[in-house]
1. Any idea what angle helix A:211-243 forms with the longest principal axis of chain A, computed on alpha-carbon atoms, 0 to 90 degrees, nearest 10?
2. Report, in listed order, any pair from A:20/A:225; A:225/A:247; A:33/B:28; A:225/B:28 with a Cα-Cα distance greater than 28 Å.
3. Mind running the shape call on segment A:25-78? Use the C-alpha gyration tensor, a ≥ b ≥ c as the square roots of the eigenvalues: rounded below 1.5 for a/c, prolate if a/b tops b/c, oblate otherwise.
4. Highest mean first, how do A:107-118, A:217-228 rank when packing is the count of other Cβ atoms within 10 Å averaged over residues?
5. Please list log₁₀ I(q)/I(0) at q = 0.10, 0.12, 0.15 Å⁻¹ for chain A, using the Debye equation with identical point scatterers on the alpha-carbon positions.
6. Sum up the charges of everything whose Cβ sits under 14 Å from the Cβ of residue B:21, counting Lys and Arg as +1 and Asp and Glu as -1, but leave residue B:21 out.
7. Using the alpha-carbon atoms, what tilt in degrees (0 to 90, nearest 10) does helix A:100-132 show relative to the longest principal axis of chain A?
8. Net charge near residue A:108, counting Lys/Arg +1 and Asp/Glu -1 over other residues with Cβ under 12 Å of its Cβ?
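Computed from the coordinates by the stated procedures, all read-outs in this text should not be read as laboratory data. Quick caveat: nothing in here was measured; it's all calculated off a predicted structure. Cβ placement follows ideal geometry from the backbone for every residue including glycine, while neighbour counts extend to all protein chains displayed.
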Amino acid sequence: MSSKQNIKPRKNALVLFFHKMGSPPWFFAFAGKLIPWLWAVFAGLAAWGLYLGLFRAPPDYLQGESFRIMYIHVPAAWMSMLIYGLMAVMGFIALVWRVRVMEILAMSSAPVGAAFTLAALITGSLWGRPTWGTYWVWDARLTSELVLLFLYLGVMGLYSAHDEPRKAARAACLLALVGLVNLPIIHFSVKWWNTLHQDSSIGITGSHIHISMLWPLLIMTVATKFYYAANLLTRARVMLLQQDLRKGWIRDAVKLNDDSGLNQGITQ
Amino acid sequence: MNHAPFIWSSYIVSALILLWTAIAPLLKQHSALRNIRLLEQNKPDPGEPQDDTNT
């Protein structure tokens, strides 16, 4: 046997990490260690961003104080689209490679995405009243964002409609993939149609927002990413707990601290 | 027009939505842990001899 044949192919560290992520016990333990840090970073960034946005940024010369709604509306709207995109990607991986953890992550993303979409719609409506003089218009941006909320609700409803979680997840992942067509419609709606909603002020090439107003927005944008990550991992762990209730590994992972059950904890 | 009610209601509503989205899985986790505890309590002791009689 030649020396070349004796050499085992070395796996990339990233590939190994993704392989490990596919194992429910490993994912459960890994997520448990990460969640408190994600919540802590989110809390710190959100407090900092809100302080700068609500108390330090100067009022807008046209909109006055009402522009401060931007610091929750814009990150929430961006997250609503980003989470849907990630959910569809995870759904695609789950459908093609049948990775159970990916199914769980995709299905755990839907309620968080729906929450951000609802927040974006409500805050947009509250921003619209002093700016446009109305809470709601059926323009392309607002309507396509509302369709996004219905898509999230559809994915959640389809997943809970079936008794067998894996079959339910596959059907819901397929719906998530079909709904992906709505994302470019939301993004380009302000360019394709005449809308009351303004065009985006921030792009890859630059921003029309003054730096003193931009920083709080960027901080809040990063904070919402940490919120999503923490919430997603928490939900995925709970879903694993519910699905693998009778499996040995989950009983090993769960510590039952006392007879009364008041101090139950989960090993991390 | 006074903008403060619109600004504060935006932040309060968003905080409530995001807070509920964060708390809801913790309530489910509590319920799942209780179920695991109940399953653990109802599990037969492996040291005890099993009663195999069908009478």
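1. It is inclined by approximately 30 degrees.
2. Violating the 28 Å limit, Cα to Cα: A:225/A:247.
3. Taking the square roots of the gyration eigenvalues as a ≥ b ≥ c, segment A:25-78 is prolate.
4. A:107-118, A:217-228
5. -0.63, -0.85, -1.16
6. Spelling it out: positives minus negatives among the neighbours equals +2.
7. Rounded to the nearest ten degrees, it is 10.
8. Spelling it out: positives minus negatives among the neighbours equals +2.
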